[in-house]
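J.: A single structure is presented below for examination.
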Amino acid sequence: MHSNVDSQAPRSLKLAASAGLLFLHLPIMLIFVYAFTTEEKSYQWPPPGFTLKWLAVTWDRPDVWQALKLSVGVASLSTIVALLLGTLCAAAISRSKFFGRETISLLVILPIALPGIITGIALRSAFNLAEIPFSMWTIVLGHATFCVVVVYNNAVARFRRTSASLIDASMDLGADGFQTFRYVILPNIGTALLAGGMLAFALSFDEVIVTTFTAGQQQTLPIWMLEELVRPRQRPVTNVVAMVVVLVTFLPILAAYYITREGHRTGGQSR
Amino acid sequence: MTDAVLLSKVCRHYGSVKAVDGIDLAIGEGEFFALLGPSGSGKTTCLRLIAGFDSPTSGHIEIFGESVDGVPPYRRNVNTVFQDYALFPHLSVIDNVAYGMMVRGASKSERLAAAEHALEMIRLPGYGTRRPAELSGGQRQRVALARAIVNKPKVLLLDEPLGALDLRLREQMQEELKTLQKNLGITFVFVTHDQGEALSMADRIAIFNEGTIIQVGRPEDIYRRPNTRFVADFVGSSNVIPVEFAGLSSQHQWASLRPEAIRIVETGGKQARVVSLNYLGNSTRIALDVEGTRLHALVSSYQPLPDEGDKISVDWDPDDVRVMEGE
Amino acid sequence: MVDGALAITPGRGGIFGRSSDAIWRNPKMFLFLLLLPPLLWLGVVYIGSLLALLVQSFFSIDEFTGLVKREFTLKTYRELLHPANLDIIVRTVSTAVVVTLSAAVVAFPIAYYAARYARGRWKAVFYLGIMLPLWSSYLVKIYAWKLILAKEGILNWLFAQLHLTWLLDAVLAIPIIGGNSLSVSYLGTCIVFLYVWLPFMILPLQASLERVPVNLLEASSDLGAEPVKTFRYVILPLAMPGLIAGSIFTFSLTLGDYIIPQIIGSSRLFIGQAVYAHQGTAGNIPLAAAFTVVPIVVMGFYLWMAKRQGAFDAL
C-alpha cells in the first residue's frame, strides 16, 4: 500500500502528461475532420464546409480497392507464416534450455531492431541476385520476416505463464504429443496467438518501408498512400483512405488488447 | 510376487550433475511408499523417472514386471498428483477429472459418470462445473487426486502432495490419503521432504541424499535404527555420541541416541548435570552434561522437572543406541 | 485390488501414435525440427541477405559502364567520406540525437504518470492511449502532420488566431532549422520524427518506472530530499534502463527512416534517402550498401555502450 499523501499527482505533472497524450492523439483525430472537407486543392483550415461526397468517390475508385485487396492478402499470408514460425520458435525456446537460445531470440528481434531500410535493401538485392521476380510473394516474404517477432513475443510470454507441468500432466493421463497439443497447449496459448496474429496483421497491413523494396509494380495500400503523398492527385480521396486505414488498424489492436487482458486475468487466477 | 516398481542401478545425470546416481529400489504391490530427503536429493527426479517424464541415463525400471525403458508416460499405467496440482485451467473440474478417459476414447456418458463418482469419493460432489481457479488450495489438491485415481492406475505417484497446504489441512489430508490408499489398494509412491509426513503415512520409507538412497525401511526402523549420521539428523533429532561412551565396541565411531529415549531415573544410570531447560508445551527439552558429553533429552512436561544446575540420574535402553556407518 | 489392467498400455498406433512415440524418444531431434523452419527463414534467408548486402559494400561501381565490379575494394567507403556524403551522415546522426533527447523529455511525464498514478480504468486509458498511436498507420501519421504543418494548415491558423504569426516567422527565419514553411523545414522534420517515435520511448520508460518501488520515493523524501533531488538521485537513475531502451528505438528508427524527411522537410538528404536513391535510379548498390553500414555501425556502438552501462541487466 502506498501512502495517501502521495497518491495525488502534482498539478504540473498532470498537465504535462495530458499535454503529451493530446499531442499523440490530436493529429490522428484531425484525419477524421479532413475526410469530410469540401476543400479539394489545399489543406485549408478551418475546412470551408463538410460533405460526404468523397466517401462515395473513394468507394468507386478501382485502384484503391485493388491496393486494399493486395494489402489484405499480403497481411493475411504474412500473418499465417508469422504465426507458424513464431509459435515454433517460442515452443522451442520455452520448452528446453539449449545452447544458443539467446542467439535465436536475437535473430527473431533483429528484423524489427534494424532500420527497415536495411531489411528492405538486403532482401531486394538478395532477390535480384537470386533472380526472383518481384511479386506479391516477395512482399509476403519481407513482411513475414518482421512479423514473426510479435507472434513470438506473445507466444513466449504465454508459454512462460503456462506451467510446464500441464504438459507432463496431460501425458501422464494418457494423452500423446498430438493430443496434448490439441487439448492442452492450443487452448492455453490460443488467445496469445490470436492477439499476436492480429498485431502481425496490423503491422503488415501498415508497412511501407520494406514494401517499397520488395514490391514490383504492385501497390499495397500504404504504397498507394505514399504515392499520393509524394505526388498528390486527388487529395480528398487520400483523406478518406487515411481515415479508413486508421479505423482498420485500430480494430485489431483494440481486439488484441481485450483478448490478452482476458488472458492475463484467468492466467493470474490459476497461479 | 512381482514388485510394483523396481529400479535397478538407475542413474540420471545432467552433464556433470548427478541428480540420481545408481539407485536400486523395490516397491511392493499395495505399499504406501515414501521417498524422503532434502531438496535436491534426487527424490523428485526419481519419481519423474518412474512416471516417464524423464529417462534414466543408465539402469532399468520395471513396473509390475514389465520394463518401461523407452515407454512414454502416456503409455504407462501410472498416474501422478503434481506438486502444483497442474489442473488444466481452461477445463472445468469434471473435464479435468475425465481428461484421462477422454484421451483414451471413453464415451461421454461413461467418463462423466466415472468422473462424478470420483468427485464423490473425494467429497466434492457437484463441483464439476467450476473452474480450477475458483477452488481453494485444498479442493484443487483433491481434484488432482480424483483426476489421477479415476484412471485406476497400477501405481499412483504423489509429488509433495501436501506441500502447499496449511498445517491443519495437511494433517486432515494425511489421514484421508491413508484411508483412500487402503480402500483402493493401489500402490502409492509419494515424495516428501517432511519427515513427520513420511513417518506417519508410509508403510516404508527410502531416505535420499545426494542422488543415492541411504536407507530403506519401515518408519520405526528408520527412526529407531538410523544407519548413518545423515539419517539420524534428518529424521527427527538425535544425539550423536561416541561408540565408547555408549559402552559398545564396534569398528564404527559414532552411535545415535534419540532424545526421547533418555529417561530421568531415581537411582542407577549415569550422573548428569542439567545445563538448560526448553519448554515446548507437551514436552520439555533438557540439555544435559553427562560425564563431559552434551546430550539432549526430551521428556514429558507432565512429570516433575529438574531445575537448571540440578544433578540428576539418567538412563536409556541399550537397544536404543544405534551404531552408525560412516563418519 | 486393482483390476487386471496392464502396467503398460499398447501404443495408439497409426502415424500419430508412432510419431508421438518417436518424438518422445528423441527430444533433441524434436527441438531441431521445431527450430528448422524459423532458422531456415531467419537464419538463412534473412541473415544471408544481410551478409550479401555487406559484401556488396566492398564492391565498387565501374564509372564507365555503370556496372558493379565484383572485386574487393575500399573505394566505396572512401566515397562515403566525400563532404556531401559526410554531410548526410552528420545530419542524420545529429537529428537522431535531437529526436531522442526531446522524446525523452516529452515521454517522461506521460510514462511517470501512467506508472505511478494511473489506477484501474485510467491505467487502461493510458495503455491504449499509448498503444493506439504506436500501432496506427505510420503513413497516416505523417499525412496528418502534412495537414497540420501546411502553410494554410491548422498550426499557422492557430498562430494567426493568437496574433503570434511574427513568432512563427521569426523561428522559420533561423537558418538551418527554418524554411519557407514548417512543412519544408528541418524543424518540421524533427517534430514529425518526435511524434512518430514517441510511443517507442514511453513504453520502456513506463515499464522501468513501474519497477521503482513507491516506498523508495517515500524513503527519499523521508530522508529530507526535496522532490527535485528525489528525481535527480532516485528516480532518474532507476529509470535509466528504460530511457536507454527507449532511446535505442528512437535512435535506430530515425537513422533508418527515409520517408519522413522526404515528405516533410527541406531537400537536404538523410541516410535513408541516400540509400534509396543510390540503389534505385543510380543503380549504385555498393554505395547504397556502404550507406546502410553506417546505421549498423552506429547502432552497434550504441548497443555496446548501453551494455557497458548495464542497461540490459535491468531490462
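The values are calculated or read from the model by the stated rules, or taken from the named source; none is laboratory data. Note that this is a predicted model, so its numbers are computed, not measured. Glycine gets a Cβ as well: all are built from the backbone with ideal geometry, and neighbour counts include every protein chain shown.
J.: Does region B:6-34 hold any residues that are of a type in the set (A, V, I, L, M, F, W, C), more than 20 Å from B:E197 (Cβ to Cβ) and touching a residue at least 12 places away in the same chain (Cβ under 8 Å), and which are they?
T.: Result: B:L6, B:L7, B:V10, B:C11, B:A19, B:V20, B:I23, B:A26.
J.: Might you check whether a residue that is in contact (Cβ under 8 Å) with a residue 60 or more places away in the chain, more than 7 Å from chain A (Cβ to nearest Cβ), part of a helix (DSSP H, G or I) and over 19 Å from the mean Cα position of the chain (by Cα) occurs anywhere in region C:115-125?
T.: yes
J.: A follow-up question, please. Mind checking whether some residue in region C:88-108 is over 22 Å from the mean Cα position of the chain (by Cα), modelled with pLDDT of 85 or more and among the basic types (K, R)?
T.: No, the conditions are met nowhere in region C:88-108.
J.: So, one more: Where in region C:168-231 are there helices (runs of 4 or more DSSP H), lying fully within it, with 2 or more residues that are of a type in the set (S, T, N, Q) and free of Cβ contacts under 8 Å to residues at least 12 places away in the same chain?
T.: Here the list reads C:214-222.
J.: Can you confirm whether region C:95-112 contains a residue that is among the aromatic types (F, W, Y) and surrounded by fewer than 20 Cβ atoms within 10 Å (Cβ to Cβ)?
T.: no
J.: Could you tell me whether any residue of region A:51-64 is within 12 Å of chain C (Cβ to nearest Cβ) and touching a residue at least 12 places away in the same chain (Cβ under 8 Å)?
T.: no
J.: Starting from region C:145-156, keep only residues that are under 15 Å from C:G178 (Cα atoms), then list their pairs with residues that are modelled with pLDDT of 85 or more and part of a loop (DSSP other than H, G, I, E, B) whose Cβ atoms are within a distance under 7 Å, requiring at least 6 positions of separation or different chains.
T.: These pairs meet every condition: C:L149/C:I264.
J.: Could you figure out which of (1) more than 22 Å from A:S12 (Cα to Cα); (2) within 29 Å of the chain's Cα centre (by Cα) isn't true of C:D169?
T.: Among (1) more than 22 Å from A:S12 (Cα to Cα); (2) within 29 Å of the chain's Cα centre (by Cα), C:D169 violates only (2).
J.: Continuing with this model, one more query. Please determine whether any residue of region B:317-327 is in contact with a helix residue (DSSP H, G or I) (Cβ under 7 Å, 6 or more places away or on another chain), in a loop (DSSP other than H, G, I, E, B) and at pLDDT 85 or above.
T.: Yes: region B:317-327 contains one or more residues that are in contact with a helix residue (DSSP H, G or I) (Cβ under 7 Å, 6 or more places away or on another chain), in a loop (DSSP other than H, G, I, E, B) and at pLDDT 85 or above.
J.: Looking for something free of Cβ contacts under 8 Å to residues at least 40 places away in the same chain and surrounded by fewer than 16 Cβ atoms within 10 Å (Cβ to Cβ) - is there at least one such residue anywhere in region C:237-250?
T.: Taking every residue of region C:237-250 in turn, at least one turns out to be free of Cβ contacts under 8 Å to residues at least 40 places away in the same chain and surrounded by fewer than 16 Cβ atoms within 10 Å (Cβ to Cβ).
J.: Do you know which residues across region B:266-289 are among the hydrophobic types (A, V, I, L, M, F, W, C) and at pLDDT 90 or above?
T.: Hits for region B:266-289 are B:A272, B:V274, B:V275, B:L277, B:I286, B:A287, B:L288.
J.: In region B:147-177, what residues are assigned to a helix (DSSP H, G or I), more than 17 Å from the chain's Cα centre (by Cα) and either in contact (Cβ under 8 Å) with a residue 40 or more places away in the chain or crowded, with 20+ Cβ neighbours inside 10 Å (or both)?
T.: Selection gives B:R147, B:A148, B:I149.
J.: Restricting attention to region B:104-143, report how many residues are within 14 Å of chain A (Cβ to nearest Cβ), in a helix (DSSP H, G or I) and surrounded by fewer than 21 Cβ atoms within 10 Å (Cβ to Cβ).
T.: Count: 5.
J.: Would you mind stating whether A:T119 is in a helix (DSSP H, G or I), hydroxyl-bearing (S, T, Y) and touching a residue at least 24 places away in the same chain (Cβ under 8 Å)?
T.: Criteria met by A:T119.
J.: Answer yes or no: is there a residue in region A:162-175 that is modelled with pLDDT under 85, surrounded by fewer than 24 Cβ atoms within 10 Å (Cβ to Cβ), in contact with a helix residue (DSSP H, G or I) (Cβ under 8 Å, 6 or more places away or on another chain) and away from chain B (no Cβ under 14 Å).
T.: no
J.: Which of the residues belonging to region C:126-161 are over 27 Å from A:A195 (Cβ atoms), within 7 Å of another protein chain (Cβ to nearest Cβ) and not in a helix (DSSP H, G or I)?
T.: C:A150, C:E152, C:G153
J.: Shifting gears a bit: Restricting the search to region C:252-309, which residues are of a type in the set (V, I, T), within 10 Å of chain A (Cβ to nearest Cβ) and closer than 15 Å to C:F193 by Cα?
T.: Across region C:252-309, the qualifying residues are C:T254, C:I259, C:I263, C:I264, C:I271.
J.: Residue check: is C:W24 surrounded by 12 or more Cβ atoms within 10 Å (Cβ to Cβ), of a type outside the set (K, R), within 12 Å of chain A (Cβ to nearest Cβ) and under 30 Å from B:E29 (Cα atoms)?
T.: yes
J.: Okay, next question. Looking only at region C:262-297, which residues are assigned to a helix (DSSP H, G or I), under 30 Å from C:L147 (Cβ atoms) and not hydroxyl-bearing (S, T, Y)?
T.: Once the filter is applied, which keeps residues that are assigned to a helix (DSSP H, G or I), under 30 Å from C:L147 (Cβ atoms) and not hydroxyl-bearing (S, T, Y), region C:262-297 yields C:Q262, C:I263, C:I271, C:G272, C:Q273, C:A274, C:V275, C:A277, C:P295.
J.: Given (1) more than 29 Å from C:L149 (Cα to Cα); (2) more than 8 Å from chain C (Cβ to nearest Cβ); (3) surrounded by 18 or more Cβ atoms within 10 Å (Cβ to Cβ), identify the lone condition not met by A:I104.
T.: (2)
J.: On to the next question. Would you mind telling me which numbered condition in (1) among the polar types (S, T, N, Q); (2) closer than 22 Å to A:A242 by Cβ; (3) in contact (Cβ under 8 Å) with a residue 24 or more places away in the chain; (4) within 11 Å of chain C (Cβ to nearest Cβ) A:Q44 fails?
T.: Only one criterion in (1) among the polar types (S, T, N, Q); (2) closer than 22 Å to A:A242 by Cβ; (3) in contact (Cβ under 8 Å) with a residue 24 or more places away in the chain; (4) within 11 Å of chain C (Cβ to nearest Cβ) is unmet by A:Q44, namely (3).
J.: On to the next question. Pick from B:G281, B:G268, B:G309: which is part of a loop (DSSP other than H, G, I, E, B), closer than 25 Å to B:D194 by Cα and not assigned by TED's automatic domain parsing to the domain that holds B:A34?
T.: The conditions single out B:G281.
J.: Another question, then. Can you confirm whether region A:32-49 contains a residue that is buried (at least 16 other Cβ atoms within 10 Å of the Cβ), assigned to a helix (DSSP H, G or I) and either at positive phi or under 30 Å from the mean Cα position of the chain (by Cα) (or both)?
T.: yes
J.: Condition check: buried (at least 23 other Cβ atoms within 10 Å of the Cβ) and in a helix (DSSP H, G or I). Does A:S78 satisfy that?
T.: yes
J.: Quick one: would you say B:L91 is among the hydrophobic types (A, V, I, L, M, F, W, C) and surrounded by fewer than 22 Cβ atoms within 10 Å (Cβ to Cβ)?
T.: yes
J.: Additional query: Restricting region A:113-139 to residues that are buried (at least 19 other Cβ atoms within 10 Å of the Cβ) and among the β-branched types (V, I, T), which is nearest to the chain's Cα centre (by Cα)?
T.: A:I139
J.: Oh, and also: List pairs: first residue in region A:187-207 and within 13 Å of chain B (Cβ to nearest Cβ) and hydroxyl-bearing (S, T, Y), second residue in a helix (DSSP H, G or I) and surrounded by fewer than 23 Cβ atoms within 10 Å (Cβ to Cβ) anywhere in the structure, Cβ distance under 7 angstrom, at least six positions apart or on different chains.
T.: Pairs found: A:T191/A:I259; A:T191/A:T260; A:T191/A:E262; A:T191/A:G263.
J.: Would you mind stating whether B:S249 is more than 30 Å from B:I23 (Cα to Cα) and not in a loop (DSSP other than H, G, I, E, B)?
T.: no
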